[in-house]
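Okay, so here's the structure we're looking at.
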Ligand code: BEZ
Ligand code: FE
């Protein structure tokens, strides 16, 4: 018997923690001790009825049943609880001046084509054209040559290509670009739209029950990598989006707002070789040195 004696309501957490005393993995023992302490404290504060506890078990069971190789309902749960962004923040503390990170999200795919600067990644021709450009810089303001930029975004209907296989062309609105000596990147896409995180499962039902919406404001995703620098996984957001103040997964950051300028001036339209008005977005990314 442990020093704490038999399990009681009062000593519950310490009895469970002491039962794990022989754990081989010290980190596992530490993690389980913290989780046990906080979980028991939460249960003592909530005092759930047996029915409420079963409801929680049913919710987690449904979350597991909804998950497969493609759909990860537990990550969505972590997202809407703010835990994904918290883990991201803890693991990506940046030096002053470096671009902030966000979550990868479920819609990145490896193997997008590497394209020349200025290429158009919008293969379905939908939506309003959008020019995106900027520089990849180090924290001392120098351009980074050879940086690899992987971008992906939704189409004008608010879906990624992988959500509409057979409807959108493969690799629609995805591309990989490599900077030259000036550190500049430049491509054309289509103005993205806000869209819901996948909400046809238990996490979507939870949001409804909590009076929350499932929307992410319009954004573009980036992964930026360069030798000698920490990889950056991030988004840029449209500050004029209806959901910019209340995104479902807590990913929006002030420093990641990028103005989406609507260009209607006929000279600029002609100079850009566009048939009509387009959006113009400029955003620089600053990479932190490794370590
Ligand atoms: C996204 O940015 O695509 C995303 C991020 C988290 C959850 C769902 C979607
Ligand atoms: Fe997204």
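Since every read-out is calculated from the coordinates, none of them should be taken as a lab result. In this text, all values refer to a predicted model and were calculated from it rather than measured experimentally. When we count neighbours, we look across all protein chains shown, and the Cβ atoms used for this are built from the backbone with ideal geometry, even at glycine.
Treating r as the C-beta distance of residue 89 and residue 9 and R0 as 41 Å, the FRET efficiency rounds to 0.70.
Could you give the distance between the Cα centres of the range 63-94 and the range 226-291, to the whole Å? Result: 24 Å between the Cα centres.
When you count the other C-beta atoms within 10 angstrom of each residue and take the mean per peptide, 166-175, 14-23, 269-278, 188-197 line up highest first as 188-197, 166-175, 14-23, 269-278.
In this label model, residue 104 and residue 38 are separated by 2.3 nm, measuring between points 7 Å along each Cα→Cβ vector.
For residue 223 and residue 47, the FRET efficiency from 1/(1 + (r/R0)^6), where r spans their Cβ atoms and R0 equals 35 Å, is about 0.20. Express the Stokes-Einstein translational diffusion coefficient of the range 1-47 in µm² s⁻¹, to the nearest whole number, given a Kirkwood radius over alpha-carbon pairs, 25 °C and a viscosity of 0.890 mPa s. Translational D for this selection: 221 µm²/s.
Could you pull out which residues in the range 227-247 have an amide N less than 20 Å from a spot 7 Å beyond the Cα of residue 268, following the Cα-Cβ vector? Label zone hits: 237-241. Estimated translational diffusion coefficient (Stokes-Einstein, Kirkwood radius over Cα pairs, 10 °C, 1.306 mPa s) of the chain: 73 µm² per second.
Computed log10 I(q)/I(0) for the range 155-291 at 0.09, 0.13 Å⁻¹: -0.35, -0.73, from the Debye equation with unit scatterers placed on every C-alpha and solvent omitted.
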